[in-house]
1. Let me make sure I get this right: for region 121-201, a, b and c are the square roots of the gyration tensor eigenvalues over alpha carbons, sorted descending. Under 1.5 in a/c it's rounded, otherwise prolate if a/b > b/c, else oblate. Which is it?
2. Which of these, S16, S256, S46, has the largest mean-square fluctuation under a Gaussian network model of the chain (Cα springs below 10 Å)?
3. Calculate the dipole size of the chain relative to its Cα centre from +1 charges on Lys and Arg beta carbons and -1 charges on Asp and Glu beta carbons; express the result in debye to the nearest 20.
4. Report the net charge of residues surrounding A253, where surrounding means a beta-carbon distance below 13 angstrom and charges are Lys +1, Arg +1, Asp -1, Glu -1.
5. Taking amide H atoms as placed 1.01 Å from N in the peptide plane, list the residues 5 or more away in sequence, or in a different chain, whose amide H sits under 5 Å from that of F233.
6. Of E330, E353, E286, which has the largest mean-square fluctuation in a 10 Å C-alpha GNM of the chain?
7. Applying the Karplus parametrisation 6.51 cos²θ - 1.76 cosθ + 1.60 with θ = phi - 60° to the phi angles of region 163-168, what ³J(HN,Hα) value in whole Hz is obtained for each residue in order, glycine and proline being reported as x?
8. Tell me the volume per residue, in Å³, of the convex hull enclosing the alpha carbons of region 64-111.
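No value in this document is a laboratory result; all are computed from the given coordinates. The structure presented is a predicted model; accordingly, all values stated were derived computationally and were not measured. All Cβ positions, glycine included, derive from the backbone under ideal geometry; neighbour counts span all protein chains shown.
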Amino acid sequence: MAGASIETTLELWASSLRDVKARMRPLFAQERAAVSAGLFLDGLLSDERRKTGWMRAEAAGDPGPWRQQTVLGRGRWDANALRDIVRDYALETLADPDAVLGIDETGFLKQGKASCGVTRQYTGSAGKITNCQIGVFATYVSRHGHAFIDRALYLPKTWTDDLQRLAAAHVPAGTGFSTKPQLARAMIERAIAARLPFAWVAADSVYGVADIEMMLRRAGKGYVLGVTGKHHFGSWGKEPMAGPAYEIAAARAGSSWKRLSAGQGTKGPRLHDWTYIELADLDAAEFYDGADGTWTRGLLVRRNIADGDLAFFSTWCPAGTTIDTLVGVEGRRWAIEDSFETAKNELGLDHNETRSWHGWHRHVSLVMLAFAMMAVIRHRANSTTPPKTNLRIPAYLRRR
């Protein structure tokens, strides 16, 4: 936050914290419940390494974690209403028509079998199959910053097929099995229904499915969605080609590859070699009413400079969109990984000690609010221009 003085930054922190607490106050019927939620938020923002109930209680000056636990458990308030508050709050500062909606998931390592949604499953967080919960998240990424705006807890079939287990974890009646892409689609649909300004959706190969692609075409949104190398592509109206993505990439001449940066990483520009194949031009009016212009269906391929490893992306964009733009969109997807790392290391995203459905959603939503507040402060601090001062030159210097 180099753009603001220490004094200005501290004022931003104080005023922003008051602001977000005031925004969530209507969620609570009683003042003491709102105070406890505010203290919970204070605990998430504290410098304690572990954001456990005891640690948050100690920071709040409570003799034990019971008030903190009540916020997540016995209290009556709507976590989805807080999710919407977080989204609207973040967009007041981060909104941009060219923004990217990034979709990704993360794992929450757990012991035992009682925590809602927990089972042995693969998570990239651990890089293996292990006992964990999986949360699917939507992150809003723009030139102003990035913040979580939605989340969903994935329930495996071993959970949705066990009504007794669902009831014990207080899962809402009627909740059935949804795949991760179905959870992602619901979040994208909520973003569109809320009229969020964004032009693109970016996600990895878990979410590069036809159902999401068609929904985005009908919504007039561009996308860069990961697919596997076996994903079949065909062209029409362009250079004829058909086959799995890895075969199409292997046939590309060396001159068709371009070295580009997908954005700044911790060690500088994230450079890879890229190639882009335009597969077909289509009339946007075929997909949604009132649209005009031509959109292009394409295949974007990324090649690792060091080992030649390939990654493939299905694309949909206005005709004439450059490879540089598509690479930039794909690069913005990495902001969600940065969000996970920050939220876990600094805000206790994975320190949830509750076992229930509503406990998970309340904890995660409060972390989302803390993260959004930090994003807003960072943007405002970096946008602050130090006041100009008139330099007074001493008289003895003016005479020289």
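1. Details: a/c = 2.80, a/b = 1.59, b/c = 1.76.
Because a/c hits 1.5 or more and a/b fails to exceed b/c, region 121-201 counts as oblate.
2. In this elastic network of the chain, the residue with the biggest mean-square fluctuation among S16, S256, S46 is S256.
3. Details: 51 positive and 43 negative charges, 257 e Å.
In total the dipole reaches around 1240 debye.
4. Working: positive: R252, K258; negative: E239, D273.
With Lys, Arg at +1 and Asp, Glu at -1, the neighbours total 0.
5. Sorted by chain and number, the residues that satisfy this are G243, A245.
6. Maximum among the listed residues: E286.
7. Per residue, the Karplus-derived 3J(HN,Hα) values read 4, 5, 5, 4, 5, 5 Hz.
8. Values: hull volume 6.8 nm³, N = 48.
About 141 Å³ per residue, rounded to a whole number.
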